[in-house]
Each structure stands twice: as C-alpha cells, then as structure tokens.
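The values are calculated or read from the model by the stated rules, or taken from the named source; none is laboratory data. Because the structure is predicted, anything quoted here is derived from the model rather than measured. All Cβ positions, even for glycine, are placed from backbone atoms using ideal geometry, and neighbour counts span all protein chains on display.
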Amino acid sequence: MSGGGARAGGPLVPPAPEARRVARGALWATVEVWGVELLQLLVFTVLARLVGPEAYGLVALAMAFVLVPQNLLVHGGWIEALVQRRELTREEVDSVLWLLAGLGLASAILLAALAPWAAALLDLPELAPLLRVLAICPFLTSLMVVPAGLLQRRLALAPLALRSILGVGLGGVVAVALALGGAGPWALVANEIAWPLAGVVILGLAAGHRPRLAWAPRRLAEIGRFALGITGEQLLQLGELLLPRLLLGWLAGPVAVGIWGLARKLFELSAELVTRPALRVALPAFAGLREDPKRLARGLALAVELTALAAVPGYALALVLAPDVVVLAFGESWRPAGEALRVLAALGPLVPSAMLLTSAFQAAGRADLVLALAAAGAALLSVLLAALSGWGVFGVAAAFTLRGWILWPVRLVLARRVLGLAIAPVLAPLVPILLAGAAMLGATLAVRWPITEPAAAPGLALAAGAGAVAYLGALGLLARPALARAARGLRQLRDARGAPAGHGEGRPGPDA
C-alpha cells in the first residue's frame, strides 16, 4: 500500500493536500460519480419500464432492513477515521478490518433470520425470500471499507471510480437480462448485490493491503471514538431514509414506496453529480487546513461556489419540468414521482453548502457537532412527517424540504461560532449564481407555460434550452469572477490529468 512519507515498518503519514494532488483526486472523483450516476440512471430507466413501481417498492422495502447494517459499515465513520488520523499503523488497519468483517458477517446472519418477521410486519409474504438473498450485502460491504479508506487517505481515487463503474455496469447488464426474462424484483436484487461484490475485488487488489492476524484494542478504541459520532449521525440519516419507506409501505403499499424511491433517487442524482466529487476531496483537503481558519474559509467558499454553479440550473429546471421529464423517461405510472421531485427541488440550492459544511466539521474533528445536527434534523423531520404524511408522497417531499430550510441557518451559525469561519465571504459568491438561476427559472417557465399537457420531447428541449441560455447570459453579466475561478479549476484538472501517475503521491511503503 502506498503511504506518502511512511518509513518501513512505521506509521503512515497522510501527505499534504497540495493543489495538484487535490485536482487529480477531484478529477477521478468526478469520473466515478458521473459514470456511476449516469449508468444508474440508464439502468433505472430501462428497469422501471420493465418491472414497474410495485417491484421497485418491494425491493426498496427489503433494502430498508439491509441498509441499516450496510450503511453503518460503509458510512459509519470508519473510512473518515482512517483518512483523518495523522498517523496510521498496520496493526490499526488490520484491527479495523477484522472488526468490520465480523460485524458484516453477523449482520448477514441476523438479516436472514429476521426475514420472515419483516415480511409479516408489512404483510408482504414475497418480501422474505428477497431479504434472505440481499442479506449478503452487508458482509460484502464490510470487506471493502478498509481498502477504500486507505485509497482515499492518499487521494488515489482511480480504483474507487473503477469499482463503482464496473459494479453498476455489470449489475445493470445482469439485471436487465433477468428483467427481460420475467424475473421481476429478482432483477433488482441482482443489481443491488453487484456493487459491493465489485468493490471487494477491485479495491482489495488496488489498495495492496494483505491483512494479518492482529488486534489492538486500545488503538481500535481511539479510532472508534472518532467513528462513533459519525455512526450516530448515520443512524439518524438511516432513520430519515427508512422511515418514509416504512410509513408509505404501511399506509399506501409498495407502489407508493416505489414512487417515493424514484423521486428521491432523481433528487439525489443532482447532488451526487455535482457535490459528491467535491466531498471526496473535501475531507482530506479540509483536514490539512484545519489549523488555519482563514485558508479553510477560502477553500470552503471556493467549493461552495463551484458546486453551486453546476447545481443551481438543475434544480431550476426540475421546478418547472420534473413531472414532464419523469413521464417521458419512465412512463405515465411514475408521474407522482415527478410532482414530488418538483417539491424537493425547492431544497436544491442549499444542498451543496450543507454537505460541504458537514465535511468541514468532520475535518476539524467535530463529529459530535455533526451528530447533534443530525439528531435535531431527525427530530424535526419526524414531526413534519407526522403532520404531512396524510398527503402521501407529496407530503413526504414537503417534509424534507421544510426541514432543510429550517436547519440551514443553524449550520451557518455553528460554522461561525465553532470553526471561526466568516460566513459572509463564504455565501457572497452565491448571490449572483442564485440570481442567474432565477433568470433561468423565469425563461423556462415562460416557454413551458403555453404548452398543453403533457409536454412532448421537443417542447421540453425548447424550454430547457431557453433556460440554459438565460442562465449563461445572466452568469456572464453577474458572475464573471465565479466563471474565472471555475475556468482556473478546470485548467488544474486538465494539468492533473496530464501529470505522471505518481506525481506528488510519495513513494510506496510496505507498512500496510
């Protein structure tokens, strides 16, 4: 395993986040996220027409149980803990690996045993066999966490991109073939298993880590204390993910669950395409700047500005065109998902800054603060869901949107008080971008409004094109500094792409 600055047998020291390393990491993170999300969208579009909302709802309900241990393993703070530590020994790495493997195996056994109970709880007998097979996912996921953390620690993100793209591509091919053969929800099950299976093979080979029998309770406890705060946050996020599924499944059945799953997937697609590449490099980059609040503020401001440039137009289009696009892509039976997506799009402009602020808190070692914010958000969402769930999928979308707007100023106040960040300079570059987004919204609506329902593809293309022209024109008038900074960032990515593969990454060491 590579370890910049490591000596033979000594600890791994993360390299400084110099500009070329960050740019190369951002490039590969962008390749991964865009490749994965566009492939997933293509697979989802094909499968949605082949299997319909009910099959998606059944698998989504089964995954509601699987995602609890799976997400706690892969997103429970262990990767962040490996990245964030200044020094990391092989003994620590092996201890984390064996702990997670044991937890993953225990989770798989428990899920398989609880499958009949879950099916009885939701009065869906066909759920039990699906859950028994999907129970393997947490165990597979547990085996790829440590290799992913080691690769991300040194910003070697190319294997992560390959893992994700191959997993989604191969899983999609198998799933579509099964769906064409009449497999129904089992096609979706195959698709869910493909991603962690690809991760185990590709990341294990790329990280170069060969585990040994080792167990260091004290070191593991230190790493676990950092991960614990993120684990708590992830539990709350899982509640937010699973509560609407279970609530809709209980009140309205699997079709409503499938409709909500598509709406949320399409909303998250925009965040993944735009914000996820920045987040992949934000934590290690912010961690290197945590001792310098002024530089951290500048880095955060630039990340927020660049992500907003790409995110705002997508949300503006969704506010106007979401129902039409969903019907065109997935069919009339999915129209309610478009209506829910339109509601969620009103939350869109806040997403990049909220996610990047979370990375800044984690980089500063304030996982406790992230946990407190997640707890407040989960409590608020529960109240809003109780009040609005009677409106079905639309009410669930409204609850998420209201919660986001209520909590956003709280995040800003905490960033100022806890991190010492000056908030005004961070947010000032957003003003011209949001004004350009408003111009785009007005132009799109002006073209779409006279078109009778449902809008055909040419009408949608005309409306989207008018909005794009208005957005770019407004940016040229109002946000030239932002465009100049974006151009410099693209040049850095171009230079990073042309750099030798080993540039700035340090010499490999035999430590882990």
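Just one of Gly504, Gly465, Gly459, Gly473 is modelled with pLDDT of 50 or more and surrounded by 15 or more Cβ atoms within 10 Å (Cβ to Cβ); which is it?
On the way: Gly504 fails: modelled with pLDDT of 50 or more; Gly465 fails: surrounded by 15 or more Cβ atoms within 10 Å (Cβ to Cβ); Gly473 fails: surrounded by 15 or more Cβ atoms within 10 Å (Cβ to Cβ).
Just one listed residue meets the conditions, Gly459.
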Residue check, Pro349 against (1) over 18 Å from Ala322 (Cβ atoms); (2) at pLDDT below 80; (3) not polar (S, T, N, Q), all met but one. Which one?
-> (1)
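Among the residues of segment 439-458, count how many are part of a helix (DSSP H, G or I) and touching a residue at least 60 places away in the same chain (Cβ under 8 Å). First the steps, then the outcome.
Within segment 439-458, the subset part of a helix (DSSP H, G or I) is 439-448, 457-458.
Still in the running and touching a residue at least 60 places away in the same chain (Cβ under 8 Å): 440-441, 444-445, 448, 457.
Qualifying residue count, segment 439-458: 6.
Residue by residue through segment 319-333, note down the ones that are surrounded by fewer than 23 Cβ atoms within 10 Å (Cβ to Cβ) and assigned to a helix (DSSP H, G or I). Even if it seems obvious, please write down each step before you answer.
Step one: of segment 319-333, the residues surrounded by fewer than 23 Cβ atoms within 10 Å (Cβ to Cβ) are 319, 323-325, 327-333.
Of everything in segment 319-333, those that are surrounded by fewer than 23 Cβ atoms within 10 Å (Cβ to Cβ) and assigned to a helix (DSSP H, G or I) turn out to be Leu319, Pro323, Asp324, Val325, Val327, Leu328, Ala329, Phe330, Glu332, Ser333.
Quick check on Val74: is it buried (at least 19 other Cβ atoms within 10 Å of the Cβ) and either farther than 27 Å from Asn191 by Cα or of a type in the set (Gly, Ala, Ser) (or both)?
Numbers: buried (at least 19 other Cβ atoms within 10 Å of the Cβ): yes; either farther than 27 Å from Asn191 by Cα or of a type in the set (Gly, Ala, Ser) (or both): no.
Judged against the criteria, Val74 is not a match.
Is at least one residue of segment 67-77 out of contact with any helix residue (DSSP H, G or I) (no Cβ under 8 Å at 6 or more places or on another chain) and either within 22 Å of Pro254 (Cα to Cα) or not polar (S, T, N, Q) (or both)? Break it down stepwise before answering.
Within segment 67-77, the subset out of contact with any helix residue (DSSP H, G or I) (no Cβ under 8 Å at 6 or more places or on another chain) is none.
No - not one qualifying residue is present in segment 67-77.
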Qualifying residue in segment 389-399 (condition: over 21 Å from the mean Cα position of the chain (by Cα) and of a type in the set (A, V, I, L, M)) = yes
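For the structure I just gave you, tell me whether Ala372 is among the small types (Gly, Ala, Ser) and surrounded by 20 or more Cβ atoms within 10 Å (Cβ to Cβ). Show your work before the answer.
On the way: among the small types (Gly, Ala, Ser): yes; surrounded by 20 or more Cβ atoms within 10 Å (Cβ to Cβ): no.
The answer is no for Ala372.
Matching residues to (1) surrounded by 15 or more Cβ atoms within 10 Å (Cβ to Cβ); (2) within 21 Å of Leu236 (Cβ to Cβ):
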{"residue": "Gln362", "(1), (2)": "yes, yes"}
{"residue": "Leu402", "(1), (2)": "yes, yes"}
{"residue": "Trp405", "(1), (2)": "no, yes"}
{"residue": "Met440", "(1), (2)": "yes, no"}
{"residue": "Trp449", "(1), (2)": "no, no"}
Is it the case that some residue within segment 189-199 is touching a residue at least 60 places away in the same chain (Cβ under 8 Å), within 17 Å of Ala60 (Cβ to Cβ) and β-branched (Val, Ile, Thr)?
-> yes
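Residue by residue, here is whether (1) at pLDDT 80 or above; (2) among the polar types (S, T, N, Q); (3) part of a helix (DSSP H, G or I); (4) under 14 Å from Met355 (Cα atoms) holds:
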residue	(1), (2), (3), (4)
Val281	no, no, yes, yes
Lys294	no, no, yes, no
Ala297	no, no, yes, no
Leu300	no, no, yes, yes
Val304	no, no, yes, yes
Tyr315	yes, no, yes, no
Out of Gly3, Gly77, Gly35, Gly10, report the one residue that is on the phi > 0 side of the Ramachandran plot and modelled with pLDDT under 80.
-> Gly77
Just one of the numbered conditions (1) modelled with pLDDT under 75; (2) crowded, with 18+ Cβ neighbours inside 10 Å is not true of Leu228; which one?
-> (2)
Scanning segment 119-144 residue by residue, the ones that are part of a helix (DSSP H, G or I) and more than 27 Å from the chain's Cα centre (by Cα) total 5
What are the pairs, 6+ residues apart or on separate chains, where a residue within segment 330-341 that is touching a residue at least 40 places away in the same chain (Cβ under 8 Å) has its Cβ under 6 Å from a residue that is surrounded by fewer than 16 Cβ atoms within 10 Å (Cβ to Cβ) and small (Gly, Ala, Ser)?
-> none
